[in-house]
Structure formats: C-alpha cells, structure tokens
Amino acid sequence: MSLVGTIERINGSLVLAKFDGEPKMGDLIEVGNLKLMGEIVRLSGETAYVQCYEVTSGLRPGEPVVDTGHPLVAELGPGIMSTIVDGVQRSETELWNLTGPFVSRGTNIVPLNREKVWPFEAKVETGDKVVGGDIIGTVQETESFEHRVMIPPDQSGTIKSIKSGDFTVEDVVGELETADGVVPLKMMQTWPVRMGRPTNERLPLEQPLMTGQRVIDTFFPCAKGGAAAIPGGFGTGKTVTLQQIAKWSDADVIILIGCGERGNEMADVVAHFPELEDPRSGRRLIQRTVIIANVSNMPVSAREASIYMGVTLGEYYRDMGYDVAIMADSTSRWAEALRDISGRLEEIPAEAGFPAYLSDRIAQIYERAGRVVTLGGGRRIGSVTLLGAVSPPGGDFSEPVTTHTLRYIGTFWALDTELAYRRHFPAINWLRSFTRYMDVASRWWSQFDPGWEDIRARALRLLEEASEIEETARIIGEKALPDEQRLVLLMAEMLREGFLVQNAFHEVDTYCEAEKQAALLKVLIDFYNEVEPLIRQGVPIERIREMGVVNDLLRLKENPGTDPIDEARGLLKVQADEVAEEYEVTER
Amino acid sequence: MTVEQAGLIYKTTSEIRGPILMVEGIRGVSYDELVRIRRPTGEEVTGSVLDVSRDWAMVQCFGDTSGMDLNITIRFTGETLKIPMSPELIGRVFSGSFEPLDGMPRPLSTDLRDVNGGTINPAARDVPSEFIQTGISAIDGMNSLVRGQKLPIFSESGLSHNMMAAQIARQATIPGSEEDFAIVFGAMGIKHEEAAYFREEFEKTGALSKSVMILNLADDPPIERIVTPRIAQTIAEYLAFDLGMHVLVILTDMTNYAEALRAISIAREEIPTRKGYPGYLYSDLATIYERAGRITGRSGSVTLMPILSMPAGDITHPVPDLTGYITEGQLLLQRELSLRGIYPPMNPLPSLSRLMKDGIGAETTREDHSDVSNQLYMAYAEGTRARGLVRIVGVVGLSERERTWLEFADRFENEFVKQGPYENRSIEQTLEIAWDLLSILPEEDLIRIRETYINKYHPAHKSES
C-alpha cells in the first residue's frame, strides 16, 4: 500500500508535503495532479521535502502526492545501448514521439521498452549453481555489443530452469531456486542510482585509456578505471575534448552525460555519432554509446540525478566485464543543482553558496570509478573510468568545485584560455596538467619503444625550458638570446605545432594511433639531437630554420601511418649532414 | 495582456518589500500563477507567484511598488502568464509586459502561449548547420553564425554593439537563398535613443514590417524585465515553429535583465553567490537562451543574438561568464580596438562560434574556410604577442619573423576586421582579403592550412595556375 499525502507549499522545484504515514528519505514521489516525478530530500517532523524533477508551474497546495515506496532506480537490461535518455532514464526519442518536440510534464514512460523482443541465448544449464553477478545468458543488443544478462547482485541459488529464445525484458527466461524459494529470472533488473553496485575486489590499475589524442595519451594519460577532470573557462574546448575521447577511446562502452549543457551540442552528438566508425572494430560508434541529455533548461533536480544515473549504467556494464568510460559534462552544473536544492532547504552554505557536503558528494561520485573483479565466478574484470568536465566561474581554478574535484582524481587536464585564443586545440596546458598514472602508462608504452619514457621526459623538459626562456625573451627580445636557447624555443614550437596541436575536424589528425604518436614524438626529439650539436658548434639558428625538413616535421601528423615519419627521418639525416659540411662541423 | 476578469481577489497583503508582496489568507493559489495587482489609483500591474503555501503566497510584482499600500487589490488569475499569438503580431510594437505602444489595439487570439515556453526535447533538435552571411568579415570569416545558433555580443557601454547588431539584422542572408529573417527585438532597460535607433534602422531597410518589438526602456519598471525576454522568445518560437519563419532575435541588454533577477533574489533574502547574483542565474539564463534552435521536421528557426554589457569590460563578470557557458560562442567587442578607430571593434581572439564547423566548408562556403580561419587566429595571436614585445624591446629587438607577425596584425585589424557599417562583404570577398593578408607571411608559417589549399588559393600560386 503506497503512502499518500497533500502538497503544503511550493517553492520552485522544492515541494513540501504531508503524508499520512512515514515516508522514507530518497523515496520517489508522484507530485500533484500531473504526477510529476520527485524525490524526498529531507524529512522534518511531519513535513517531507520533495525535490521535483519537472517544472512545478501550476501546482497548488492541497494537490495529492503519492509515495511510490522505492528510491530512484535505473532499469537495467537490453534496450539501453544507443539510446538518448533524460536524467531519470526516460527515452527522449520516445517522449518526442509521444508528446511532440517540446518536453511535456508528467509523461511517465518506463525506461526499458516492454514490448521489444530480444534474442536471449542461455549460457547456464538447469542444475548449475549460480551467485549474484553470474552470467546466465547473452543478447546481441547491437551489432557490436553483446549484452550479458546477470543474476542480480543479491540473489544466488540453483538454476531450476532456463531457456533460450525471443523474450521481452519482463518475460521469464528461467527460474532460480534460492534459500527463500523459487524466483523468476528476467532480463531486466533495477538498481538504486545513488548506491554503488557491489563488486568482489578492487584491483590496481594496469592499462591507460587510449584516446587517440596525443597530448592526452602521451603526456597526461588516464588509466582504465581511473578518474580525470578537465576544467576550463568557456570556449576552451571541454566539450570537444570529451567528445573526442568519447569517439576514439578504446573503452568498450561509452556513457556521455550532458548535464546542464547545451541542447544544440547534444543534437550534434546524436546527429554525428551514428556516422562515425570505430577505428579498431570498424563498427558504428553509436552502437556502444549511451547518451544522457539533461540540458541546461531542463529542471535542475533531474540534472542532479543524471550523473548518478550515468554512473549506475556504467557500473552495470562494468559488471558484465567491460571497460566503460563515462564523460560527465559538466560536473559544475551538477554541483549548482546541489546548491540550488540546498539553498531552497535553507541549509547554511559553506563556500560560494555551496553546501558543506559538496566535497563528500564529489568524492562519492569519483570513487565509483575503478577497476574491479566483478561479482560472480570466473574472476571477470571490468572497469569504470570517469571523466568530468568542470566549468569554473570566470575560469578561476581556485573555486570550490575545481579544488574539491582535484582531491579525488588522478589526471588533471588544465585548459588554458590563452591557448584557446590562438586556436591551439586541445588547449591542454602542459605545465599545469598532471597525471598520477604515469607508471601504468609507461609500462604500456614501452611495447613500442623501450626508450619511450626518456623521450617523453625529454620533450616535457624542452617545453618547460622553453617557457622559462620565453620569460626572458619577453624582456630582452628573442633576437638577443643565444642560439642554444633559440633552438629550445624552436623545438618547443615544433612540439606544439607538430605534436600537441591536434585538429579534431581534420580527417586524419582527429585520431592518432599509439604507434604513430610514439614515432612522431621520437622523430621530433631526433631532430633536436641532430641539430643541437650543430648549433653548439656555431651553426646559426636561421640556417636550421631553413632546413626543409622542419616544415615536413610539422606536417607529419596530417599523413596517415608511420611511413612518412621514417622518410622524414632519412631526410633529416641528409640535411643535417649538408649543414655540417657547409659549416665544417666535425664533432657530432 | 488579455486575462479575463476572473480569479480569486484578496486585499490581504501583509508586507511589501521592494518588488515582493506577501499575501495572507489565500486559498487555491498555484505556483507561478499570474497575479494582477490594482493600485489605489485603479491602475493595474502584473506579477507572479514565487512561493505558495496553503494560506500565504509570495508575489513578485513586475511594476513599480512605490506608492502601493497594504490595501491594494490582488487578483490571482489561476493561469500562468500567457500571451496571444497570431500572424498579426508582425510589425507591432509592445511594452516590456506586452501592452501595445503603437496606438493599435491589443492583439486578439485564442491561441495563448505560456511565456515560459517549453523545453525543446534534445532528441528532437536539428543540428544548426546553415551558414548565415552577415557581410561582416570578422564574423563570417572567423566566427561564422548559423541558423538556430545563439551567439551573444559581449560589449561595454559606449561601444558600437547597436550599430553592429543593426548591421547584422540588415545584412544577414543565407547565400543563394532569397529568404529574409523576421526580427524579434526585445529591449530590457535600454535608453530611448537606442530603441529609436533600432526602430529607424529597421524602418530604413523595410525590416520593420517583418519585426516585432518588445520594449522595456530605462525608465520602465525594472522588474518587468523578468518577462520581457520571455515574451520575445515566445513570439519568436511561434513565428519559427508554427509559421515556419526564420527568426533573428535580438535581446539587449541582458545585464539589465540579470540585475532585475538579482533585485528579486535579494528581496527574497536568498543566499547570494558572486556579486550578489543568485545561484540559479545560470539555469535561469538557460531558460531564455536555450529556446533558440531548430526542430527536426519544422521549417523555421530561432537564431538568438543577445547583447550584454560587461561591467568595467570584465569578461569574468557573472553575466557574460554564465552566458558564455550557455551560448554557442560569443563576439567580443573591445574598447582598445574602438579607440584605434576600428569598426566593428571586435577582437576575434576571445570571440568564438562553436557551431561554425557545421556551417562552413566546401558545400556551404569554401573548402579552405576552416583552415584559413585557424591560421588567421594563430597569426593574429602571434602578432599581438609581438606587439607586446615591441613595448619592451622596441621594433629593433624583434626578429625578422616577429616583425612579419607584427605587420600582419596591423594590417589584419585595418583591412580584415575594419569595415564600413554599410559594407556588405560576401564570404568570397572575406576569404580573398584573408589570403591577401596571409601572403605577407612566409609560406612555411601557414602551418594550419593544408598544403593542397595553399597550392590552390595562395595568391602566389593562384597566379601560377
């Protein structure tokens, strides 16, 4: 029997209600005659405070409220992949079909399609002993994605019956004999979004998440199962960078959470992802992608829920044994939603109006990332990588959301307005960014070149040195610098233009495979090693700039494969020899 | 506003605090409903419900509350604020709360629309991708606008943002298409002469007959500005998505709007965040800006160009800052350029159009457009850096290369950015100027342009072929 009550007061998205019983914190509530969705966020005496996921215009005190008796849950099963849903998992495509192009209120559609029939293939047999997390069957959900149907985490027992065939998510595919009796097995299960799904064991991280973006993979990689943040003022390219990672990263499943961001950007993703091909599998990227679009003019409370929804879906796929990457754009809008609710609850604010528990909430979300041994037998390993955009007011990284986020992440991609102004994209500042996963990445990269770590360190050192020299150049002018230092400046410029700058809209450059990244960086450092002795022995920097190979090196990134890189290396040797001869340089 | 004389009437106001009224002893009032407040003089102003419980309601008054006493009559209309829609709105002028200002009667229609509008379902949005030629090189060449985009002008008082907005309104076309834009003009707290300027400009070019003007001027009630942009956007949505027109909405000045929102927030004693603005300023601005766009299966579009003044030219001020996080880019006007006699005084470096990539290229403008734009950005950034160096080391301290950058920056400002307020450049002309300027630079420095395009479009190679 569900609890009912009446509305006492409406203050924006916050509705105060009295129930004829005792509702629980977090319970999902149907609010008013329109049956808007809401959630209890505070209980005080007889009054329940309900944050409403939909616009509350027109609600009146005295209208009914109904407690559904359960918290906000995600419906998990076949039918999620390649869909676009809102923050509470309603299919936006379906809403569009039902109610037209404008979002209507109180349209309570179920997340998973109940009619659609899926080909279920049983992977266990009658009499098998199973525990929570064990895979009982699979469904080929899209051409490239195999959905693994699991025993819900809290169940275990003996398979009493199981059958392959075509079923809907609610059909009974088998029966499980448990200690408490026989329970039906279905393809769909539910999970409360604010609770992490259980695992058997957390594992150390072992592999970098490869994204095909040079500055990320080579200089500031994130590990599979790690967490990264990408803060930057507007126009610095947070969204494009996250979308590039969504497109090209080697995760099995991508969850893109548009949390309080632009509608047109989500439309862009919906329009373009189906056209894109995965460079590794050759299949369409949309087939492994779920989009959660809770744009900026949708109610803030659903925005707050959308991140938990995304992470829960991610954990579900992780439990199947997949590597999942979740992009949340932007966590600042999520934090603002927290602030909005907190303000309406009249809580005492801490920094910048944010509630004192902001840091805890941020930690709770990022801690749901990880590489784990999943529930069930067979030591299945899966991971959730969490990448969050942060939109600091005024581009100021000292604000609360950025500073608290920094405490819980392993990779920090600091976006730089100055770089963005000169259209140096991705505008990731190489002096301010960091990664704590370098040991993981180095092990992985050494497969291409045992000397990779040294080359990377050399490149970073040159970039750092250059920024110091630039300080001096700003005072005395570049011309007044010794040629050794001007070479460092040239080298930094070549690293910037030839390696760090990557055009997301260039047909080749948009994705750079690891092998090419390693070769490209090596040839640039080779160049330095070749010409540095020449400079030391008196060859003027102008002569080095005149070497035709300089321009070739800057354009190598535009050409597919590594063959042009090898050619350029040959050319480099020839031209360096010419210069050496010209200036009678003997010691090299 | 055509609200019938129905609804619950109370004379139980217990408190007037700035623009906020507290009304006691009420029943059956709904959240966000429209309120009519009658002054002792008989004059009516509108308001809306901000917070409501079983026996009291908090009302924000869109008119001036000075001169009111606690005996005012409050009528709760039972409806949210709705305005009538009909094609006859085109060519009309209204006040910031939709009273006719042109001496004509109130528009009549049974088609009433809530000014808060709906939210366009993200799945139903169509990607804006039609290039709009504004005839202004700094926009078309480097920050192209597309139909359905929201692109604000960040300005400062005294700069020529009005002239620029009027020029855009006058010149905006889709190359190869004869369709004009209908214009919805929403003014919040601007001066009489500014409003008159726009009116004259629209009149001169005949745009007035295809425009709707909603004017809240500097001496009109400030709180009215809360509804003005919403009325403008509601009309724009109707023209676009019901009548299939392409609508350009100009909203000026959004900073005044935000100040009205702040006044309400402070009167409600809400916890302020930066500079006293409420924490929900971002979400609130989004409910206005996000109404721009295109819808799959509907032929019209709403393109939005809000103008806002940055107090003290500070781009990190909450209003431009939060706007920039919602809109698809920004056009930034700078006093420094204006002082050097450059119109439009638009600095391309901090300006941006996020939707440019979808609107330009071989099929719409030209294949080299994107690369040329990137190269201009880089070259101009290098040029301004060199300019900074000159101040310290003098021109003699610059390397040969830096001098070339410097020359580029000067010519770029004077030949590319600078143009006449009635000069309408085609995109081809804009790209020609760009190539002329880029040819100052050594070819190997054109690193952001594909070699095939250099061979095809660079003046040096063009003459060869």
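Of all the criteria given as (1) crowded, with 20+ Cβ neighbours inside 10 Å; (2) away from chain A (no Cβ under 11 Å); (3) modelled with pLDDT under 95, the one not satisfied by B:Val23 is (3).
Only one of the listed residues (B:Glu33, B:Glu79, B:Glu88, B:Glu24) is without any contact (Cβ under 8 Å) to a residue 24 or more places away in the chain and on the phi < 0 side of the Ramachandran plot. That residue is B:Glu88. Please determine whether any residue of segment B:244-262 is buried (at least 18 other Cβ atoms within 10 Å of the Cβ), facing another protein chain (nearest Cβ under 9 Å) and not acidic (Asp, Glu). No, segment B:244-262 contains no residue that is buried (at least 18 other Cβ atoms within 10 Å of the Cβ), facing another protein chain (nearest Cβ under 9 Å) and not acidic (Asp, Glu). Residues of segment A:319-348 that are in contact with a Phe, Trp or Tyr (Cβ under 8 Å, 6 or more places away or on another chain), farther than 30 Å from B:Asp51 by Cα and among the small types (Gly, Ala, Ser): A:Ala328 alone. Residues in segment A:285-298 that are within 24 Å of B:Arg294 (Cβ to Cβ), in contact (Cβ under 8 Å) with a residue 60 or more places away in the chain and open to solvent by 10 Å² or more (accessible area, probe 1.4 Å): A:Ile286, A:Met298.
For A:Arg423, indicate whether it is among the basic types (Lys, Arg), open to solvent by less than 30 Å² (accessible area, probe 1.4 Å) and not assigned by TED's automatic domain parsing to the domain that holds A:Ile136. The answer is yes for A:Arg423. Among the residues of segment B:4-20, those that are within 25 Å of B:Thr228 (Cα to Cα) and either in contact with a Lys or Arg (Cβ under 7 Å, 6 or more places away or on another chain) or at pLDDT 65 or above (or both) comprise B:Gly7, B:Ile16, B:Arg17, B:Gly18, B:Pro19, B:Ile20. Confirm whether A:Gly343 is modelled with pLDDT under 95, open to solvent by 10 Å² or more (accessible area, probe 1.4 Å) and closer than 30 Å to A:Ile151 by Cβ. Here the answer is no, as A:Gly343 does not meet what is asked.
In segment B:374-398, the qualifying residues are those that are touching a Phe, Trp or Tyr at 6+ places or on another chain (Cβ under 8 Å) and hydroxyl-bearing (Ser, Thr, Tyr), and the one that is farthest from the other protein chains (Cβ to nearest Cβ) is B:Tyr380.
For segment B:132-164, the set of residues classified as of a type outside the set (Lys, Arg) and either closer than 30 Å to A:Arg90 by Cα or open to solvent by 10 Å² or more (accessible area, probe 1.4 Å) (or both) consists of B:Gln133, B:Gly148, B:Gln149, B:Glu156, B:Ser157, B:Gly158, B:Leu159, B:Ser160, B:His161, B:Asn162, B:Met163, listed by residue number. For segment B:236-260, a residue qualifies if it is farther than 22 Å from B:Gly63 by Cα and assigned to a helix (DSSP H, G or I), and the qualifying residues are B:Ala236, B:Glu237, B:Tyr238, B:Leu239, B:Ala240, B:Phe241, B:Asp242. Inside segment B:306-326, residues that are more than 8 Å from every other protein chain (Cβ to nearest Cβ) and in a helix (DSSP H, G or I) make up a count of 6. In segment B:36-47, is there at least one residue being in contact with a Leu (Cβ under 7 Å, 6 or more places away or on another chain) and in a loop (DSSP other than H, G, I, E, B)? Scanning segment B:36-47 turns up no residue that is in contact with a Leu (Cβ under 7 Å, 6 or more places away or on another chain) and in a loop (DSSP other than H, G, I, E, B).
Taken together, the residues in segment B:426-446 that are closer than 23 Å to B:Trp405 by Cα, of a type in the set (Val, Ile, Thr) and surrounded by 16 or more Cβ atoms within 10 Å (Cβ to Cβ) amount to 2. Looking only at residues of segment A:439-464 that are open to solvent by 80 Å² or more (accessible area, probe 1.4 Å) and part of a helix (DSSP H, G or I), we find that the one that is nearest to the other protein chains (Cβ to nearest Cβ) is A:Glu464. Of the helices (runs of 4 or more DSSP H) lying entirely inside segment A:211-326, those containing at least 2 residues that are more than 14 Å from chain B (Cβ to nearest Cβ) are A:238-248, A:300-319.
Residues in segment B:80-126 that are among the acidic types (Asp, Glu) and under 15 Å from B:Leu215 (Cα atoms): 2 in all. Looking only at residues in segment A:387-414 that are hydrophobic (A, V, I, L, M, F, W, C) and open to solvent by less than 10 Å² (accessible area, probe 1.4 Å), the one that is nearest to B:Arg274 (Cα to Cα) is A:Val401. Return a yes/no flag: does segment A:529-550 have any residue that is basic (Lys, Arg) and crowded, with 19+ Cβ neighbours inside 10 Å. No, segment A:529-550 contains no residue that is basic (Lys, Arg) and crowded, with 19+ Cβ neighbours inside 10 Å.
Which members of segment B:399-425 meet the condition of being surrounded by 16 or more Cβ atoms within 10 Å (Cβ to Cβ), over 26 Å from the mean Cα position of the chain (by Cα) and either in a loop (DSSP other than H, G, I, E, B) or within 10 Å of chain A (Cβ to nearest Cβ) (or both)? Scanning segment B:399-425 gives B:Ser399, B:Arg401, B:Glu402. A single entry from B:Thr296, B:Thr303, B:Thr287 fulfils the requirement of being open to solvent by less than 10 Å² (accessible area, probe 1.4 Å), on the phi < 0 side of the Ramachandran plot, within 12 Å of chain A (Cβ to nearest Cβ) and of a type outside the set (Phe, Trp, Tyr): B:Thr303. Is segment A:476-485 home to any residue that is open to solvent by less than 20 Å² (accessible area, probe 1.4 Å) and touching a Ser or Thr at 6+ places or on another chain (Cβ under 9 Å)? The answer is yes; a qualifying residue exists.
Filtering B:Phe202, B:Phe198, B:Phe185 for residues that are touching a residue at least 60 places away in the same chain (Cβ under 8 Å) and among the aromatic types (Phe, Trp, Tyr) leaves a single hit, B:Phe185. The selection criterion, being open to solvent by less than 10 Å² (accessible area, probe 1.4 Å) and away from chain B (no Cβ under 14 Å), holds for A:Ile362. What's the total number of residues in segment B:334-349 that are surrounded by fewer than 24 Cβ atoms within 10 Å (Cβ to Cβ) and over 30 Å from A:Cys259 (Cβ atoms)? Qualifying residue count for the region: 11.
One residue alone among B:Tyr289, B:Tyr280 is among the hydroxyl-bearing types (Ser, Thr, Tyr) and without any contact (Cβ under 8 Å) to a residue 40 or more places away in the chain, and that residue is B:Tyr280. In this structure, B:Ser283 does not qualify as among the polar types (S, T, N, Q) and modelled with pLDDT of 95 or more. Screening segment B:69-128 for strands (runs of 3 or more DSSP E) wholly inside it with 2 or more residues that are hydrophobic (A, V, I, L, M, F, W, C) and over 21 Å from the mean Cα position of the chain (by Cα) returns the ranges B:73-76. So, of the residues in segment A:526-557 that are away from every other protein chain (no Cβ under 14 Å) and of a type in the set (S, T, N, Q), which turns out to be farthest from B:Glu400 (Cα to Cα)? Selected residue: A:Asn529.
The values are calculated or read from the model by the stated rules, or taken from the named source; none is laboratory data. Small disclaimer: the values here were computed from a predicted structure and weren't measured. Note that each Cβ is placed from the backbone with ideal geometry, even for glycine, and that neighbours are counted across all protein chains shown. In case anyone asks, the SASA skips ligands and DNA or RNA and just uses the protein heavy atoms, side chains included. Shrake-Rupley method; radii C 1.70, N 1.55, O 1.52, S 1.80 Å.
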